[in-house]
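Here the structure comes first, spelled out in structure tokens, and everything after it is commentary.
Just so it is clear, none of the values below were taken in a lab; they were calculated from the coordinates. Computed from a prediction, not measured in an experiment: that's the story for all the values here. Virtual Cβ from ideal backbone geometry, glycine too; neighbours counted across all protein chains shown.
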Amino acid sequence: MQVYRHGPGQLKCRMLPVDKKGVFPQHSGNVRRSTYDKYPPTGEKIPAETYNLLTYLERVPWSAPEAARREFEATYNTGRPQRAPELAPVDVQAWLNTDPLTLQQLRGKVVLLDFWGTQCRPCVAALPDLQKLFRTHQDRGLIVLGITAGESEARIRAFLDNRHLTFPVAMARGSNLWHKYAIEGTPTYFLIDRAGHLVWGPAHGLPDEPQILALLRELRTE
């Protein structure tokens with residue numbers, strides 16, 4: 001088994017046992033096997049023993065990732081509308097192609113939130129579709145927000161320029177935003193409605209366009 005580091009505190013495997021539906025075990029984010037067969041991860045290899053140790057440490061009750069996961073699940077698995085965790089300025093190192101934004105500022109918009117990284121092939125493969133969604137539905141109120149971390153600002157800026165991505169992208173400071181959203185792997189997507197409620201996600205594949213259109217048709221409700 002080959003193990004790779006992805007983003008702040010994120011680890012990925014090239015090969016893992018899967019169930020009959022082709023789904024990876026929970027610690028790998030339940031990403032469909034076909035996705036990683038088509039877009040195998042790249043990055044720094046680490047020994048399997050190190051991966052096993054870090055995976056264990058992330059799951060012990062006092063670890064920050066485990067505490068964040070439990071808090072996220074307790075908050076958002078209630079069936080009641082909940083505000084999406086804010087993108088606080090303290091959590092963002094830089095906005096790379098836009099002025100600073102907050103979810104409070106974006107009330108009245110539908111937000112598609114994308115946690116991604118340049119070394120994550122499924123993340124990169126989805127970027128043209130994200131750009132197309134943003135370009136097509138921006139005038140109707142759709143905002144795509146990309147959140148990345150773990151790489152130099154210059155590298156990410158060059159990456160965005162080379163691919164002509166125009167939707168807002170933020171570079172997170174540390175892993176606090178990853179903990180707020182209990183991110184276990186990339187890509188991870190969320191949908192936030194016009195009232196700022198987290199209504200879909202976490203998911204490792206893009207939402208269907210009809211899901212987005214349905215949210216765009218809804219009026220803002222508090």
Residue in the stretch 207-222 that is closer than 16 Å to P85 by Cα, among the aliphatic types (A, V, I, L, M) and surrounded by fewer than 21 Cβ atoms within 10 Å (Cβ to Cβ) present: no
Where L103 falls short, out of the listed (1) surrounded by 13 or more Cβ atoms within 10 Å (Cβ to Cβ); (2) assigned to a helix (DSSP H, G or I): (2)
